[in-house]
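K.L.:
One structure is given below, represented as structure tokens, and several questions about it will come after.
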Amino acid sequence: MEKLNIINMEDVEVKEIEWLWYPYIPYGKITIIQGDPGEGKTTAILRIAAILSKGEKLPCDERENAPINIIYQTAEDGLNDTVKPRLIEADADCSRIKVIDESTKNLTMLDKRIEQAIAETGARLIILDPIQAYIGAEINMNSANETRAVMSNLCALAEKYSCAIVLIGHMNKGSGNKSTYRGLGSIDFQAVARSVLVVGRIKDNPQIRVIAQSKSSLAPEGDSIAFELNKETGFKWLGKYNISVDELLNGNQKENKSEIAEIKLRELLANGKLPQNEIMEIMKEENISKRTIDEVKKKIGIKSLKISDKWYWELPQSED
């Protein structure tokens with residue numbers, strides 16, 4: 001009989017999660033970014049890669065970063081006429097962005113060249129765009145038994161080299177379905193990934209695209225983050241956007257609570273200071289969370305002052 005190895009949890013050393021972009025992309029794990037064709041998935045990931053290549057701060061993340069090397073594989077866009085121009089437009093440090101040559105042999109997720117490239121370049125981020133192009137012709141991506149081995153191999157590489165592996169995926173046509181079931185292929189892709197991000201456009205303002213988190217296994221789900229794709233002015237990060245992933249996919253956008261909160265607070269304080277508890281009760285009736293109120297209060301510069309035993313809020317003097 002084969003010897004049975006038992007792991008005693010008392011002997012397991014606790015390891016803290018390291019983040020490339022908290023809480024959206026963890027190091028040592030797989031992240032999936034998916035969305036319908038043309039929604040801006042590739043544009044968003046190339047912009048993120050550009051930021052990381054220079055060691056700059058990522059959207060809605062105040063942490064300082066060191067520049068990192070990145071491996072970017074794409075089966076859909078030309079390197080010289082599409083990818084390089086996009087990176088230049090994003091002001092990337094192109095010397096830090098590497099590509100495994102596929103001119104003589106197509107790359108797959110089981111290809112040993114992936115590990116070789118990570119080891120040689122010290123890359124901390126690997127991007128495969130799209131999933132279906134790198135799964136391998138012999139693998140049925142709808143079969144859990146076949147995709148599990150592929151994903152396990154990628155997981156092992158991510159953990160071994162403490163790098164983030166990001167897979168870009170298209171979504172199926174199941175409009176109205178939960179985001180979890182709209183990714184192409186086996187549900188195992190979603191199950192193995194520790195973070196799943198969805199990119200979509202705002203129905204009533206299609207120039208605005210949003211990155212929303214539909215799965216976060218290692219941290220609380222992050223806020224949705226918007227960016228603008230404008231034919232005249234180009235790309236621009238817009239910051240946090242109040243919309244859930246399913247609202248984004250279904251096109252049923254609720255009003256932006258931050259905008260509502262700002263308008264309401266300015267109205268309430270237009271004629272002078274008001275008691276804080278009175279303001280909070282009014283905002284509660286508008287279904288606006290304390291978190292949103294605090295963010296808008298800071299943004300506007302509303303001041304708190306204590307009179308006797310009661311707290312009041314007032315607009316900055318320039319707005320009184």
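The values are calculated or read from the model by the stated rules, or taken from the named source; none is laboratory data. Just so you know, these numbers come straight off a predicted model, no measurement behind them. For neighbour counting, all protein chains shown are included, and Cβ atoms are generated from backbone atoms with ideal geometry for every residue, glycine included. Side chains included, ligands, DNA and RNA excluded: accessible areas come from the protein's heavy atoms. Shrake-Rupley method; radii C 1.70, N 1.55, O 1.52, S 1.80 Å.
K.L.:
Filter the stretch 199-210 down to the residues that are of a type in the set (A, V, I, L, M) and more than 12 Å from the chain's Cα centre (by Cα), then identify the one that is modelled with the lowest pLDDT. If you could, list the steps in order and put the result at the bottom.
P.N.:
Pass one, the stretch 199-210, residues of a type in the set (A, V, I, L, M): 199, 202, 208, 210.
Going one step further and asking which of them are more than 12 Å from the chain's Cα centre (by Cα), we end up with 202, 208.
Details: 202: 90, 208: 93.
So, considering only residues that are of a type in the set (A, V, I, L, M) and more than 12 Å from the chain's Cα centre (by Cα), the one modelled with the lowest pLDDT is 202.
K.L.:
For residue 313, are the conditions met, namely being aromatic (Phe, Trp, Tyr) and closer than 30 Å to residue 193 by Cβ?
P.N.:
Numbers: aromatic (Phe, Trp, Tyr): yes; closer than 30 Å to residue 193 by Cβ: no.
Considered against the rule, which asks whether it is aromatic (Phe, Trp, Tyr) and closer than 30 Å to residue 193 by Cβ, residue 313 comes out as no.
K.L.:
Could I ask something else about it? Which residue is most open to solvent (accessible area, probe 1.4 Å), if the candidates are limited to the stretch 95-112 and must be under 17 Å from residue 138 (Cβ atoms) and not acidic (Asp, Glu)?
P.N.:
112
K.L.:
Still on this structure, please answer the following. Name the residue that is nearest to residue 210 (Cα to Cα), counting only residues in the stretch 227-239 that are touching a Pro at 6+ places or on another chain (Cβ under 9 Å) and crowded, with 17+ Cβ neighbours inside 10 Å.
P.N.:
Among them, the one singled out is 227.
K.L.:
Something else about it: Within the bounds of the stretch 134-155, is there any residue that is closer than 21 Å to residue 37 by Cβ and at pLDDT 85 or above?
P.N.:
To start, the set of residues in the stretch 134-155 that are closer than 21 Å to residue 37 by Cβ comprises 134-135, 141-142.
Keeping just the survivors that are at pLDDT 85 or above gives 134-135.
Yes - at least one qualifying residue is present in the stretch 134-155.
K.L.:
Continuing with this model, one more query. Would you confirm whether any residue within the stretch 118-132 is within 14 Å of residue 166 (Cα to Cα) and touching an Asp or Glu at 6+ places or on another chain (Cβ under 8 Å)?
P.N.:
yes
K.L.:
Let me ask you something else. Restricting attention to the stretch 245-275, which residues are touching a Lys or Arg at 6+ places or on another chain (Cβ under 8 Å), over 11 Å from residue 202 (Cα atoms) and modelled with pLDDT of 85 or more?
P.N.:
Within the stretch 245-275, 262, 265, 275 meet the criteria.
K.L.:
One residue is enough: does the stretch 187-198 have a residue meeting the conditions in contact with a Ser or Thr (Cβ under 9 Å, 6 or more places away or on another chain), surrounded by fewer than 16 Cβ atoms within 10 Å (Cβ to Cβ), under 25 Å from residue 53 (Cα atoms) and at pLDDT 95 or above? Full working, then the answer.
P.N.:
Applying the first criterion (in contact with a Ser or Thr (Cβ under 9 Å, 6 or more places away or on another chain)) to the stretch 187-198 yields 187-190, 192-198.
Okay, now just the ones that are also surrounded by fewer than 16 Cβ atoms within 10 Å (Cβ to Cβ), so 187.
When the remaining residues are screened for being under 25 Å from residue 53 (Cα atoms), the result is none.
So far as the stretch 187-198 goes, no, none of its residues is in contact with a Ser or Thr (Cβ under 9 Å, 6 or more places away or on another chain), surrounded by fewer than 16 Cβ atoms within 10 Å (Cβ to Cβ), under 25 Å from residue 53 (Cα atoms) and at pLDDT 95 or above.
K.L.:
Looking at residue 258, is it touching a Leu at 6+ places or on another chain (Cβ under 9 Å), in contact (Cβ under 8 Å) with a residue 12 or more places away in the chain and buried (at least 18 other Cβ atoms within 10 Å of the Cβ)?
P.N.:
Details: touching a Leu at 6+ places or on another chain (Cβ under 9 Å): no; in contact (Cβ under 8 Å) with a residue 12 or more places away in the chain: yes; buried (at least 18 other Cβ atoms within 10 Å of the Cβ): yes.
No, not satisfied.
K.L.:
List pairs: first residue in the stretch 176-198 and over 17 Å from residue 130 (Cα atoms), second residue surrounded by fewer than 19 Cβ atoms within 10 Å (Cβ to Cβ) and modelled with pLDDT under 70 anywhere in the structure, Cβ distance under 7 angstrom, at least six positions apart or on different chains.
P.N.:
That search, which allows pairs on different chains as well, returns 181/174.
K.L.:
Another one. Within the stretch 159-170, how many residues turn out to be closer than 11 Å to residue 20 by Cβ and open to solvent by less than 10 Å² (accessible area, probe 1.4 Å)? Step through it out loud before you land on a result.
P.N.:
Of all residues in the stretch 159-170, those closer than 11 Å to residue 20 by Cβ come to 162-166.
With open to solvent by less than 10 Å² (accessible area, probe 1.4 Å) added as a condition, the list becomes 163-166.
Residues that pass the stated criteria total 4.
K.L.:
Check the stretch 176-185 and report whether any residue there is modelled with pLDDT of 80 or more and either among the hydroxyl-bearing types (Ser, Thr, Tyr) or open to solvent by 60 Å² or more (accessible area, probe 1.4 Å) (or both). Break it down into steps so the answer makes sense when it comes.
P.N.:
Start the filter on the stretch 176-185 by keeping residues that are modelled with pLDDT of 80 or more, which leaves none.
Checked the stretch 176-185: no residue is modelled with pLDDT of 80 or more and either among the hydroxyl-bearing types (Ser, Thr, Tyr) or open to solvent by 60 Å² or more (accessible area, probe 1.4 Å) (or both).
K.L.:
For the stretch 99-141, what are the residues that are in contact with a helix residue (DSSP H, G or I) (Cβ under 6 Å, 6 or more places away or on another chain), part of a helix (DSSP H, G or I) and under 16 Å from residue 72 (Cβ atoms)?
P.N.:
Listed by number, the list holds a single entry, 118.
K.L.:
Please go through (1) touching a Phe, Trp or Tyr at 6+ places or on another chain (Cβ under 9 Å); (2) open to solvent by less than 30 Å² (accessible area, probe 1.4 Å) for residue 304 and return the number of the only condition it doesn't satisfy.
P.N.:
With respect to (1) touching a Phe, Trp or Tyr at 6+ places or on another chain (Cβ under 9 Å); (2) open to solvent by less than 30 Å² (accessible area, probe 1.4 Å), residue 304 is out only on (2).
K.L.:
Among 68, 33, which is the only one that is under 28 Å from residue 171 (Cα atoms) and in contact with a helix residue (DSSP H, G or I) (Cβ under 6 Å, 6 or more places away or on another chain)? Walk me through it before giving the result.
P.N.:
On the way: 68 fails: under 28 Å from residue 171 (Cα atoms).
33 is the lone residue from the list that is under 28 Å from residue 171 (Cα atoms) and in contact with a helix residue (DSSP H, G or I) (Cβ under 6 Å, 6 or more places away or on another chain).
K.L.:
In the stretch 6-29, what residues are under 17 Å from residue 221 (Cβ atoms) and of a type in the set (Val, Ile, Thr)? Spell out how you get there, then give the answer.
P.N.:
Step one: filter the stretch 6-29 for residues under 17 Å from residue 221 (Cβ atoms), giving 17, 19-26, 29.
Scanning the stretch 6-29 gives 17, 25.
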